[in-house]
Amino acid sequence: MNFVLKILGVIILIIGLSLTFKPDLFSKLPTLITGYQMIEKRVKWGALIGFGLFLIFFTDWTSWRLIVSGLLFGLTAGIIIARLTGFVLDGFFTGQLWWLLIEFTVAILFGYLYFKMIKSGFSFKI
């Protein structure tokens, strides 16, 4: 079962990356769209990237707290990857940089909670 989830994760990751690079694959984008808006179109596909990463790298399905924190960390990492891709393809915008810093902060928080739960044997208390 774990192998099937990893294969599914690779497929979802490839789909997410494809849609991040070409967000108008399924829908027609308006002709007058700014770089800022284009990055926002790319970021929504970051959730697929993050879910794929989660399925590839997550292995312990025993604790729902660990699953949720790992999923949230993966989703945030996927959104960060999509936003950075947007920076490379569409340009650098200060407003997008603020979103990126917020997402990095959230990813650090979720990563800390995830690794704290692993280290403490799943008895983490907030």
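We did not get these values from a lab; they are worked out from the coordinates using the rules stated. Just so we're clear, the structure is a prediction, and the values are computed from it rather than from any experiment. All Cβ positions, glycine included, derive from the backbone under ideal geometry; neighbour counts span all protein chains shown.
Summing Lys, Arg as +1 and Asp, Glu as -1, what charge do residues with Cβ under 12 Å from the Cβ of residue 22 carry, residue 22 excluded? Working shown, then result.
Details: positive: 41, 42; negative: 24.
Net of charged neighbours comes to +1.
Taking the chain, how many lysine pairs are there with alpha carbons less than 13 Å apart, if each pair must be eight or more places apart or span two chains? Walk me through the numbers before you get to the answer.
Working: 22/41; 22/44; 28/41; 116/125.
Lysine pairs satisfying the spacing and distance rule in the chain number 4.
Compute the helix-to-body angle for 46-57: its Cα long axis versus the longest principal axis of the chain, expressed 0 to 90° and rounded to tens.
With both axes taken from Cα atoms, the answer is about 30 degrees.
What ranking do 100-113, 10-23 get when scored by the average of other Cβ atoms within 10 Å per residue, highest first? It would help to have the intermediate numbers written out before the result.
Numbers: 100-113: 15.2, 10-23: 17.1.
Ranking the peptides 100-113, 10-23 by packing returns 10-23, 100-113.
Here are labelled values, (1) 14, 38, 30, 15, 3, 0; (2) 12, 35, 23, 16, 10, 4, 0; (3) 13, 46, 34, 6, 0, and one is the computed P(r) over Cα pairs in 10 Å bins from 0, in percent for what I pasted. Which one?
The listed entry that was calculated here is (1).
What trypsin sites (Lys or Arg not before Pro) in the stretch 23-87 are in a loop by DSSP, with at most 15 other Cβ atoms within 10 Å of the Cβ? Don't skip to the end; give the middle numbers.
Numbers: sites: 28, 41, 42, 44, 65, 83; in loops: 28, 44.
Those that pass, being in a loop and sparsely packed, are 28, 44.
Considering only the other residues whose Cβ falls under 12 Å of the Cβ of residue 75, what net charge follows from Lys and Arg at +1 and Asp and Glu at -1?
0
Explain nothing, just compute: Karplus ³J(HN,Hα) = 6.51 cos²θ - 1.76 cosθ + 1.60, θ = phi - 60°, for every residue of the stretch 35-44 in order, whole Hz, x for Gly and Pro.
Each residue of the stretch 35-44 in turn: x, 4, 5, 5, 4, 5, 5, 6, 5, 5 Hz.
Separation between the residue 27 and residue 57 pseudo-spin-labels, each 7 Å from Cα along Cα→Cβ, expressed in nm?
Rounded to a tenth, the inter-label distance reads 2.9 nm.
222 nm [θ] for the chain, helices only, -39500 (n - 2.57) per DSSP H run of 4+, per residue, to 500? Walk me through the intermediate numbers first.
Numbers: 5 runs with 94 residues, N = 126.
So the calculated ellipticity at 222 nm is -25500 deg cm²/dmol.
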